[in-house]
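The values are calculated or read from the model by the stated rules, or taken from the named source; none is laboratory data. As the structure is a prediction and not an experimental result, all values here were calculated from the model. Heads up, the Cβs are rebuilt from the backbone with ideal geometry, glycines too, and the neighbour counts pull from every protein chain shown.
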């Protein structure tokens, strides 16, 4: 069964078309907890720039660091041991998390400017998604966003996780990225459209 695919531009419309779109989003939230957005408003040109600068960043500034990381060294030792064991409880992943006040990479041209612009677009989209959820739940506009804030004038945590999955020298010994549940209230995922692999597990609640 395919996950719901929703034309998000139609929430700005009126009448039956908008009502159907709102119902599709409600179904995605209630039955899946996941849905794909089309026409979400983030410019395609910006998304292409994000892919470009992130790829360059991991190549220029992270490749050697990951090769000497604990997970890479552990996998190397396990392969040399040749015991038939697999590398458990780890992810073959290099990752950084961007915040508003983090120290920005300095060697990758355009990385900071592109990712600041991208984060601004993500924030706008997340707030729009939450407003749609407010409406579907018959809550006042801004209720979900307010619930994520701490009540003392501080905004909810807003981080942008950037993940890279380097070629693995011994893929038979590691599972890649383990099954997991994302932590957070609203997760917006921009998946690589060249190398797939994303899987979603749908669970039905039992009455």
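Residues to consider are 13, 28; find the one that is surrounded by 15 or more Cβ atoms within 10 Å (Cβ to Cβ) and at pLDDT below 95.
None of the others qualify; the one that does is 28.
Filter segment 99-122 for residues that are modelled with pLDDT under 95 and farther than 20 Å from residue 67 by Cβ and give the result.
Matches in segment 99-122: 99, 100, 101, 102, 103, 104, 106.
Residue check: is residue 133 in contact (Cβ under 8 Å) with a residue 60 or more places away in the chain, out of contact with any strand residue (DSSP E or B) (no Cβ under 9 Å at 6 or more places or on another chain) and not in a loop (DSSP other than H, G, I, E, B)?
Considered against the rule, which asks whether it is in contact (Cβ under 8 Å) with a residue 60 or more places away in the chain, out of contact with any strand residue (DSSP E or B) (no Cβ under 9 Å at 6 or more places or on another chain) and not in a loop (DSSP other than H, G, I, E, B), residue 133 comes out as yes.
Of the numbered conditions (1) under 17 Å from residue 157 (Cβ atoms); (2) at pLDDT below 95; (3) surrounded by 18 or more Cβ atoms within 10 Å (Cβ to Cβ), residue 129 satisfies every one except a single condition; which is it?
If we test residue 129 against (1) under 17 Å from residue 157 (Cβ atoms); (2) at pLDDT below 95; (3) surrounded by 18 or more Cβ atoms within 10 Å (Cβ to Cβ), just (2) comes out false.
Identify all residues within segment 96-124 that are in contact (Cβ under 8 Å) with a residue 24 or more places away in the chain, exposed (fewer than 14 other Cβ atoms within 10 Å of the Cβ) and within 23 Å of residue 56 (Cβ to Cβ); write none if there are none.
Once the filter is applied, which keeps residues that are in contact (Cβ under 8 Å) with a residue 24 or more places away in the chain, exposed (fewer than 14 other Cβ atoms within 10 Å of the Cβ) and within 23 Å of residue 56 (Cβ to Cβ), segment 96-124 yields 97, 99, 100, 107, 109, 110.
If you scan segment 141-179, which residues turn out to be closer than 18 Å to residue 29 by Cα and part of a loop (DSSP other than H, G, I, E, B)?
141, 142
Please note which helices (runs of 4 or more DSSP H) are completely contained in segment 1-85 and include at least 2 residues that are within 30 Å of residue 201 (Cα to Cα) and touching a residue at least 12 places away in the same chain (Cβ under 8 Å).
Result: 15-27, 44-57, 70-81.
Which ones in segment 75-98 are under 30 Å from residue 121 (Cβ atoms) and touching a strand residue (DSSP E or B) at 6+ places or on another chain (Cβ under 8 Å)?
Those that are under 30 Å from residue 121 (Cβ atoms) and touching a strand residue (DSSP E or B) at 6+ places or on another chain (Cβ under 8 Å): 92, 93, 94, 95, 96, 97, 98.
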